[in-house]
Amino acid sequence: MAIYDSRRLNWLSEGPSRGQRLQFFYETYRPFKDAAGLRYTGQVVRANWDGYYPLSPTVLAARWSEGRGQNGKTEPFQLGGSGSLIESMAPQLNERDIALRGYRTGEPLLRGINARRATLEWRIPIADIDRHAMVPPVGINRVSTALFYEGGGTWTSGGGPERWFRAAGIELLDDLRLGYVFGIRLRIGVAWASTP
């Protein structure tokens, strides 16, 4: 795993408001094939890029996610569902689900050895509430909304998806604080899918 991170925050932003982050993952299960009797023994490469561009008090966010596997040797990728967009500092091994809002998880048309998803979001701050309770130590911080458009597809051979599945929607974002230190981003929204 390799990570480059130049993201920065503004005081009213619910998340990063400038900079970019690039994650690169390489996985292989070949060393464990004989010991664990694994079904899949191939190699997987995953990459995620996030870019944030400030537009006065709003933020334009872009994301590119891609996963490449080996036909018959790796578990296929699955697009769909809202998934969890919580960032993790630890490597996530065997991660084959890529969220594509507006589509259900498990749809056969959204499963393939390779997968790609691109997202564009316009994040707009609503309020910086910053209210907390002492017992229990919980509070609400910033509230914002996001308009998004994203598309993705899977494929088995070739350089990219034959069909792109697209969706658009709106979300309400909130930063919940636990113990005055730990932040949890809550999202609630609606997405409309367009069939290719």
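No value in this document is a laboratory result; all are computed from the given coordinates. Given the structure is predicted, the values throughout are model-derived calculations rather than measurements. Note that we place each Cβ from the backbone using ideal geometry, even for glycine, and neighbour counts take in every protein chain shown.
How big is the equivalent ellipsoid of the range 2-194 along its three axes, where each semi-axis is √(5λ) from the Cα gyration tensor, reported in whole Å from largest to smallest? Before the final figure, lay out the partial values.
Working: eigenvalues 217, 81, 47 Å².
Working through the eigenvalues yields semi-axes of 33, 20, 15 Å.
Say R0 is 45 Å: what FRET efficiency, to the nearest 0.05, do residue 55 and residue 28 get from their beta-carbon distance?
On the way: r = 41 Å, r/R0 = 0.92.
With a Förster radius of 45 Å, E is 0.60.
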